[in-house]
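To start, the structure under review is shown below, and the notes come after it.
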Protein chains: 4
Amino acid sequence: MVTVTIWNEFRHEREDEAAAAVYPDGIHNTIADGLADHDGADHDIHTATLEEPDHGLTEDVLTETDVLLWWGHEAHDEVDDAVVDRVHERVLEGMGLIVLHSGHYSKPFKRLMGTTCSLQYREDGATERLWVVDPGHPITDGLDESFELPQTEMYGEPFDVPEPDRLVFVSWFEGGEVFRSGCCYRRGSGRIFYFRPGHETYPIYEHDTVQQVLRNAVDWASPTDGSPRTFGERA
Amino acid sequence: MVTVTIWNEFRHEREDEAAAAVYPDGIHNTIADGLADHDGADHDIHTATLEEPDHGLTEDVLTETDVLLWWGHEAHDEVDDAVVDRVHERVLEGMGLIVLHSGHYSKPFKRLMGTTCSLQYREDGATERLWVVDPGHPITDGLDESFELPQTEMYGEPFDVPEPDRLVFVSWFEGGEVFRSGCCYRRGSGRIFYFRPGHETYPIYEHDTVQQVLRNAVDWASPTDGSPRTFGERA
Amino acid sequence: MVTVTIWNEFRHEREDEAAAAVYPDGIHNTIADGLADHDGADHDIHTATLEEPDHGLTEDVLTETDVLLWWGHEAHDEVDDAVVDRVHERVLEGMGLIVLHSGHYSKPFKRLMGTTCSLQYREDGATERLWVVDPGHPITDGLDESFELPQTEMYGEPFDVPEPDRLVFVSWFEGGEVFRSGCCYRRGSGRIFYFRPGHETYPIYEHDTVQQVLRNAVDWASPTDGSPRTFGERA
Amino acid sequence: MVTVTIWNEFRHEREDEAAAAVYPDGIHNTIADGLADHDGADHDIHTATLEEPDHGLTEDVLTETDVLLWWGHEAHDEVDDAVVDRVHERVLEGMGLIVLHSGHYSKPFKRLMGTTCSLQYREDGATERLWVVDPGHPITDGLDESFELPQTEMYGEPFDVPEPDRLVFVSWFEGGEVFRSGCCYRRGSGRIFYFRPGHETYPIYEHDTVQQVLRNAVDWASPTDGSPRTFGERA
């Protein structure tokens, strides 16, 4: 049983009509439904949002969390640095982290990558096709060779991140751009997956294949026991 | 349930007294005992040797095998190229491959690496200490920060292999050398793990931690479903 | 001064009218012009072709060569294994190798990669746009963020190669596909660059930016002195 | 001509007798002598220290610097965050960064790595032998297969850094430990090299091979032109 915490900024859906129409209960709850709604899924699912005390990410919550998903966009700066420290520390200890779409600019992701995580974008609602470039990767279990999202915000290269340990998806955009849309990293003992799709005004997280990818990614990012991370002076 | 095939050249143990004394039933059977002898291990274990028809690695055997372990030393050249082709193809399709000690010079490993796989060595029976350099890796589950083998053949750098995807162990040798002793690769959909310890005249494969590493490596190298490996002309 | 040998199968241009129209002197000579025609380029340029004795790649030629470019397509199987052995050995010793377009299926590249190097393709003469995904790489010196080839043969993912050490270009194709079009590897002491563009019936190698990439790649792939590759028994 | 800035905390050498005895003019000046003292070296060398205004790392200085070397130990926390921001930004833009010994805990290195950069240590003055594990790397130009430092502080694994892009050196320590002592990274357009040797009370930076490594590393880390790092909204 994998304990999952889905973190959402949860602001667009309460303040913007277009977002509220797509995600009336918040992006986090749509993602939660997608993780739960599957035979064989073995996920204990929780949610947390910006407005809660400690943004819902107390020491206890993080200690219990095996995999944290992160969606944020307009309020990255409002995330408290003490909470970022805690998330960062837990990832290094082994907690999985799945960073979604505009979360590329979130504090935890930038802290872990060490780069600006900048990119190019265009909000044009055109088609995206994601190609599997690593068909042996567990995050691709059960997928076809590619899948399409009929309307998305475009993200284009260059994407200022370290070279991924494994590149799983590359996106093709109708407007002429490409993007490394599925990037795997290890930092400390933690597994990190950046997954591009998702926007507050398109129903991306209701898409069957996107949900499949997130279920696979949660399983892939779950901690293993490993061996001791012992530092400091030796006798 | 993971189906494991342990391949052994099985010649030293039948021709050399020192080897026969350590491994009277052959290295493959000692490894088999180590994989089986553990609560929670879920391995269906088979063995195959050089002298069998097709070296015991028929089309059917390989199709059924999830993870293949490979030990060879003095008879690398006697391994039939048709069998090597078959092993190579199965690894690219997803079969795991664990290459042991002098197997660094085996045909399947050299074919998959694309390099000479050469190294330095000294058969002096001195102490080796293996350090975990990637404590978050599943192959290190349950291990301490290091472990010792009291008597080994030394392997020293440079080791002419491609940069590993993940470097898990580095060995320290009493005589003053170091070696990248646990190297992970992906080729096609297959996971490959090279593990240095092991020699025909030292009881390395009876060592508890070595057995633990092999159990972990078998689980790590097991195939995942992934997505289609479709090649050729597109409409 | 970098000594460059451009190897070309040189068959389409002599047997096929469409290819002869685009490359009347052979692809190798067009590439040679592109490497030479530049202020500041410091390349001593040679060519070699399949029909020459030893395919023009004698021991002496290879010993003198710093960087070898390779174009082949319909006659991969006619390349002698002894020559492949020699090329392979020289790459491990430090010779650079730049593999072009359909050279993905050449014997030297498959030998060095250890995988099938398969891919998807469609010969439709549609537009390709190459995006720089690694703007800090010397192979991108002087390039814009992307460049277009108006008519190309499409290559699509999955591309069955090991994860590149550095991924430099990703292609967008008009027909909806993507491809990792610029892939860097190290094998032994040698630098290898796979560069996708190029086809016998499109004037790809006359394109200014393609020529710039090849000049950059030759400089990047040039050998360095390094330290000794010493293998075998140690005292 | 490569413009080099050597940054030193410069505190031990002014406050501690043992350090002053080894480095009377400061570690930075000994390193500067080593970079300069060589036929063919083409380095314009500057130094900067903690006590200077802006720690000697003004906007102008950093803009002019091609490669920055960093030595710090007891005063990491006194380095101003605004200067760290500036160094970080310049590395992503292409400035090379060479981090020395206890600089593993410096703010710029931790910011770029995204991990704790922790390790094990023992100040016992025993022997270290560094092995070249990547003999084709330009940082190893002119080196033997290994070299010894008769007295060093030991650093042991695990070293909590991301998997290096290229691992160049592995250290063997008399006391039984190993360490990944030469680690190459790219972040943004910048090249980063962590090099373990060096301590304030041993004359490490007067060692011929250490000086050779630093000269090689400066050349390797020098910026290339690359292509534009353009981010933000696209038309």
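The values are calculated or read from the model by the stated rules, or taken from the named source; none is laboratory data. Because the structure is predicted, anything quoted here is derived from the model rather than measured. Every residue, glycine as well, gets a Cβ built from its backbone with ideal geometry; the counts of neighbours run over all protein chains shown. Accessible surface areas use protein heavy atoms only, side chains included; no ligands, DNA or RNA. Shrake-Rupley method; radii C 1.70, N 1.55, O 1.52, S 1.80 Å.
Computed quantities for the displayed model
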{"read-out": "Residue within segment B:186-200 that is within 28 Å of residue B:227 (Cα to Cα) and aromatic (Phe, Trp, Tyr) present", "value": "yes"}
{"read-out": "Members of segment A:176-199 that are surrounded by fewer than 23 Cβ atoms within 10 Å (Cβ to Cβ), over 20 Å from residue D:233 (Cβ atoms) and within 7 Å of another protein chain (Cβ to nearest Cβ)", "value": "A:186"}
{"read-out": "Residues within segment C:63-72 that are in contact with a strand residue (DSSP E or B) (Cβ under 9 Å, 6 or more places away or on another chain) and either open to solvent by 10 Å² or more (accessible area, probe 1.4 Å) or not in a strand (DSSP E or B) (or both), tallied", "value": "4"}
{"read-out": "Residue count for segment A:34-62, restricted to those that are modelled with pLDDT of 95 or more and open to solvent by 80 Å² or more (accessible area, probe 1.4 Å)", "value": "5"}
{"read-out": "Residue check for residue B:153: over 15 Å from the mean Cα position of the chain (by Cα) and outside any loop (DSSP other than H, G, I, E, B)", "value": "yes"}
{"read-out": "Residues located in segment C:17-33, provided they are in a loop (DSSP other than H, G, I, E, B) and open to solvent by 60 Å² or more (accessible area, probe 1.4 Å)", "value": "C:24, C:25"}
{"read-out": "Single residue of B:63, B:30, B:58 found to be over 15 Å from residue B:202 (Cβ atoms), in contact (Cβ under 8 Å) with a residue 24 or more places away in the chain and among the hydroxyl-bearing types (Ser, Thr, Tyr)", "value": "B:63"}
{"read-out": "Test: residue in segment C:111-127 that is of a type outside the set (A, V, I, L, M), in a strand (DSSP E or B) and either out of contact with any strand residue (DSSP E or B) (no Cβ under 8 Å at 6 or more places or on another chain) or buried (at least 22 other Cβ atoms within 10 Å of the Cβ) (or both)", "value": "no"}
{"read-out": "Of the criteria (1) over 16 Å from the mean Cα position of the chain (by Cα); (2) more than 14 Å from chain A (Cβ to nearest Cβ), which one residue B:211 fails", "value": "(1)"}
{"read-out": "Number of the condition not met by residue C:163 [criteria: (1) within 7 Å of another protein chain (Cβ to nearest Cβ); (2) part of a strand (DSSP E or B)]", "value": "(2)"}
{"read-out": "In segment C:166-175, the residues that are touching a Ser or Thr at 6+ places or on another chain (Cβ under 8 Å) and in a loop (DSSP other than H, G, I, E, B)", "value": "C:174"}
{"read-out": "Selection count, segment C:218-235, where residues are touching a strand residue (DSSP E or B) at 6+ places or on another chain (Cβ under 6 Å), assigned to a loop (DSSP other than H, G, I, E, B) and more than 7 Å from every other protein chain (Cβ to nearest Cβ)", "value": "1"}
{"read-out": "Cβ pairs under 8 Å, 6+ apart, first in segment B:171-187 and at pLDDT 95 or above and among the acidic types (Asp, Glu), second crowded, with 24+ Cβ neighbours inside 10 Å and not in a strand (DSSP E or B)", "value": "B:177/B:157"}
{"read-out": "Lone unmet requirement of (1) part of a helix (DSSP H, G or I); (2) open to solvent by 10 Å² or more (accessible area, probe 1.4 Å); (3) over 22 Å from residue D:190 (Cα atoms) for residue C:147", "value": "(1)"}
{"read-out": "Verdict on residue B:173 being within 18 Å of the chain's Cα centre (by Cα), open to solvent by less than 20 Å² (accessible area, probe 1.4 Å) and of a type in the set (Phe, Trp, Tyr)", "value": "no"}
{"read-out": "Residue within segment B:16-36 that is among the acidic types (Asp, Glu) and closer than 22 Å to residue B:224 by Cβ present", "value": "no"}
{"read-out": "Lone qualifier among C:130, C:119, C:112, C:149 - being within 12 Å of chain D (Cβ to nearest Cβ) and either of a type outside the set (A, V, I, L, M) or in contact (Cβ under 8 Å) with a residue 60 or more places away in the chain (or both)", "value": "C:130"}
{"read-out": "Selection count where residues are aromatic (Phe, Trp, Tyr) and surrounded by 19 or more Cβ atoms within 10 Å (Cβ to Cβ), scope segment A:90-110", "value": "1"}
{"read-out": "Number of positions in segment C:185-217 that are assigned to a helix (DSSP H, G or I) and of a type outside the set (D, E, K, R)", "value": "10"}
